[in-house]
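Reviewing the structure listed below.
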């Protein structure tokens, strides 16, 4: 069993899931991928994830709704949002902790890795 932190990637776009998971594995992270917020919430993901990288706009349940659902369940995972719609960061319920980061696609790989490392360091 791996002792490396698990980074979960939630994105409905398979090419984004593949690219982000490849990047993270190249930096020696253990990565789980999910094609939807529902798939993540219905898995062991919320229990084993050390950091969550999620798209915002997804069919069914968007990333911010998933984030707020996790908080409602008492699960607080450091989360980084990625989006294909640049602009202002999403407005979240004020009682929910702020996400660790917000990136517009395409984003710089090094910036995402640095944000994940900061999030993991703060969560220790």
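Values quoted throughout were computed directly from the atomic coordinates according to the rules given, and no laboratory measurement underlies them. The structure displayed is predicted, hence computed values, not measured ones. With ideal geometry, Cβ positions are generated from the backbone for all residues, glycine too; neighbour counts draw on all protein chains shown.
A few points about this structure:
- Sequence of 121, 27 once ranked by neighbouring C-beta atoms within 10 Å, starting from the fewest: 121, 27
- The chain: proportion of alpha-carbon pairs further apart than 19 angstrom, %: 41 percent
- Ordered by the number of other Cβ atoms lying within 10 Å of each residue's own Cβ, fewest first, 118, 73, 124 fall into the sequence 124, 73, 118.
- Modelled spin labels at residue 123 and residue 97, positioned 7 Å past Cα toward Cβ, are 0.9 nm from each other.
- A simple spin-label model places pseudo-atoms 7 Å from Cα toward Cβ; at residue 43 and residue 26 they are separated by 2.2 nm.
- Ascending count of other beta-carbon atoms within 10 Å, so fewest first, for 49, 18: 18, 49
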